[in-house]
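Structure, as structure tokens:
The values are calculated or read from the model by the stated rules, or taken from the named source; none is laboratory data. All values derive from a computational prediction rather than experimental measurement. Cβ placement follows ideal geometry from the backbone for every residue including glycine, while neighbour counts extend to all protein chains displayed.
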Amino acid sequence: MNQEPMLLPQVAQGNPDAIRACLDRYGGLVWGIARRFFGASPDAEDAVQDAFLDLWRSAGRYDPRVSSEAVFVALIARRRFIDRRRRGARRLDTEPLPEAQAAPSQTTAEQVTEAKLAERAMQELRPEQRQVLVLSTCHGMSHEEISQATGMPLGTVKAHVRRGLVRVREVLGVQR
Amino acid sequence: MTDRRDLIAGTVLGDLTHEEMAEANAMGLRQDELYAMEIAAAATLVAEVRDDAMPPALRARLEPPRDKSNQVVALRPKRDVWRAMGWLAAAACLAFAITSIVRPWSNKTPDARAQRDQLTHVADAQVLPWTATADPAATGAKGDVVWSNAEQKGFMRFSGLSQNDPAATQYQLWIFDGDRDDKFPVDGGVFDVTSGGDVVVPIKAKLKVGKPVLFAVTVERPGGVVVSKRERIVVTAKAGG
């Protein structure tokens, strides 16, 4: 049911064709995420550059048993974009795992459906819960910003985002 | 005491209070738990965010040199890469600028128009007429919106919608999705009407649309807003059931 050939192992080897193919395949995704985090700000382009440079450096750590390439790329991009938005604040301690700790839980066929599973989990959330999770994870908005934009109390926003994310994780069944 | 999963989510979201941080430290959250939660956050991005075409100049800056195909390249640090690739970015910008100058403006509108017409032939495409509100900007406004849910693509067509000053206000499209709370419609992108006559505007939905039920255009501040106060709605188009 899959599958496009994996690119990241070749990217890790510095293969220029794989790098170009990676830009073709995931450039739109990373740029789409950046546009939601930074809008039309020039920061968006700098952030995308940071994200791809980090991806080139981190490609060797990609483990296909744990996530799809697209999710790995989105994970790297999200880290860089959050860093940029919260510069000066505490950085997330989110270094990828060493090989020895990687305990796969998904079959190959399941990897390609994780975005759909996440989508299903999102559909299961209450509409307001889903909305705040989208504003937080997809737009990079702080809880305060979400509270101001939606009129929801800050505590409610925080609870919705956390529980929503926990629910997505449960549906994905990522066991590490 | 905070639930462990809450602390893991809070760590990944970066929203822990000082008390929760102390709890998380005492609990000893593991890297693997945090990484699994990060994967969940990344999966929501892949599920919700639509791809946007990357600007050509940015793409050019990220490209490795093309001099020898299949040659393995060193993944150099950031500053060196930019310096090395600067000329390529400049070349791309120049090519883009030349293309923009040489290509007559009049050619752009038929492109959007032709794409719109093409989209009307897609099986699930809906063509929905606009209904103007009493807002002064909408006086005499007509047109329609074409949307294909399968392709997640659409175009708006207007005639008679007032021209806006982009420095003061912009129009913004909202797509009300039956799968989402109607308090939070999907942002369909901001646009300007700066010339008279018929205008065709591509829709740039920021999130995937499940079941479109209503399209509405509001007047917002330049750059648009995340959540509209809906103080000025100019046109709406209801999707057929």
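List of remarks:
- Hits in the range A:53-67 (condition: facing another protein chain (nearest Cβ under 9 Å) and either in a loop (DSSP other than H, G, I, E, B) or under 29 Å from B:PHE191 (Cβ atoms) (or both)): A:VAL66, A:SER67
Residues checked against (1) of a type in the set (A, V, I, L, M, F, W, C); (2) part of a strand (DSSP E or B):
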| position | (1), (2) |
| --- | --- |
| B:VAL146 | yes, yes |
| B:PHE155 | yes, yes |
| B:ALA168 | yes, no |
| B:GLN172 | no, yes |
| B:ASP182 | no, no |
| B:ASP187 | no, yes |
| B:THR194 | no, no |
| B:GLY210 | no, no |
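- Residue match in the range B:175-192 (condition: more than 24 Å from A:SER142 (Cα to Cα), modelled with pLDDT of 90 or more and away from every other protein chain (no Cβ under 14 Å)): no
- Residue list for the range A:2-32, filter: aliphatic (A, V, I, L, M), out of contact with any Lys or Arg (no Cβ under 8 Å at 6 or more places or on another chain) and closer than 20 Å to B:ASP51 by Cα: A:MET6, A:LEU8, A:ALA18, A:ILE19, A:ALA21, A:LEU29, A:VAL30
- Qualifying residue in the range B:155-169 (condition: within 20 Å of B:ALA112 (Cα to Cα), within 14 Å of chain A (Cβ to nearest Cβ), buried (at least 18 other Cβ atoms within 10 Å of the Cβ) and not hydroxyl-bearing (Ser, Thr, Tyr)): no
- Residues satisfying the stated conditions in the range B:10-51, i.e. in contact (Cβ under 8 Å) with a residue 24 or more places away in the chain, farther than 18 Å from A:ALA77 by Cα and of a type outside the set (D, E, K, R): B:LEU29
- The residues of the range B:131-185 that are under 16 Å from B:GLU231 (Cα atoms) and within 16 Å of the chain's Cα centre (by Cα), listed by number, are B:GLN170, B:TYR171, B:GLN172, B:LEU173, B:TRP174, B:PHE184, B:PRO185.
- Test: residue in the range A:129-139 that is in a loop (DSSP other than H, G, I, E, B), of a type outside the set (Phe, Trp, Tyr), more than 9 Å from every other protein chain (Cβ to nearest Cβ) and within 17 Å of the chain's Cα centre (by Cα): no
- Selection within the range A:143-165 - buried (at least 18 other Cβ atoms within 10 Å of the Cβ) and either among the aliphatic types (A, V, I, L, M) or part of a loop (DSSP other than H, G, I, E, B) (or both): A:ILE146, A:ALA149, A:MET152, A:VAL157, A:VAL161, A:LEU165
- Residue list for the range B:113-152, restricted to those being under 24 Å from B:GLY178 (Cα atoms) and acidic (Asp, Glu): B:ASP124, B:ASP144, B:GLU151
- Taken together, the residues in the range A:25-44 that are crowded, with 20+ Cβ neighbours inside 10 Å and either touching a residue at least 24 places away in the same chain (Cβ under 8 Å) or under 14 Å from A:TRP56 (Cα atoms) (or both) amount to 9.
- Of the criteria (1) out of contact with any Lys or Arg (no Cβ under 9 Å at 6 or more places or on another chain); (2) over 20 Å from B:GLN115 (Cα atoms); (3) surrounded by 15 or more Cβ atoms within 10 Å (Cβ to Cβ), which one B:LEU214 fails: (1)
- Of residues in the range A:1-24 being more than 10 Å from chain B (Cβ to nearest Cβ) and buried (at least 16 other Cβ atoms within 10 Å of the Cβ), the one nearest to A:LEU53 (Cα to Cα): A:LEU8
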